[in-house]
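Notes follow once the structure below has been shown.
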Amino acid sequence: MTSKDGGKTIAELINTLPEEERLILTLHLVKMISAAEIAKKLGVPERAVITVIASGRSRLIRLIS
């Protein structure tokens, strides 16, 4: 897959994200954990997790395209 970041893999691109996005996206996209479960594990509101997932996905899409 070609990206603006020199052909990096998705894993490499995820590693460039801020720590909070990296953690939540890894749990959600790689480990297939729901936003509700992530929120419970981290002790944060589910809406906050959903927001981080959305912003992280957007950032990844920009890096890939």
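The values are calculated or read from the model by the stated rules, or taken from the named source; none is laboratory data. No experiment lies behind these values; they were computed from the predicted model shown. For neighbour counting, all protein chains shown are included, and Cβ atoms are generated from backbone atoms with ideal geometry for every residue, glycine included.
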Flag if I53 is out of contact with any Cys (no Cβ under 7 Å at 6 or more places or on another chain) and in a helix (DSSP H, G or I) | yes
Say we look at region 11-41 and pick out the residues that are surrounded by fewer than 15 Cβ atoms within 10 Å (Cβ to Cβ) and among the hydrophobic types (A, V, I, L, M, F, W, C); which of these is modelled with the lowest pLDDT?
-> A11
Going through region 23-50 one residue at a time, which ones are touching a helix residue (DSSP H, G or I) at 6+ places or on another chain (Cβ under 6 Å) and either in a helix (DSSP H, G or I) or among the small types (G, A, S) (or both)?
-> I24, L25, L27, H28, A35, A36, I38, A39, E46, V49, I50
Scanning region 47-65 for residues that are surrounded by 15 or more Cβ atoms within 10 Å (Cβ to Cβ) and more than 19 Å from T9 (Cβ to Cβ), the one farthest from the chain's Cα centre (by Cα) turns out to be A48
Scan region 16-33 and report the pairs whose first residue is of a type outside the set (F, W, Y) and whose second residue is surrounded by fewer than 18 Cβ atoms within 10 Å (Cβ to Cβ) and assigned to a loop (DSSP other than H, G, I, E, B), with Cβ atoms within less than 7 Å and a gap of 6+ or a chain change.
-> L27/I33
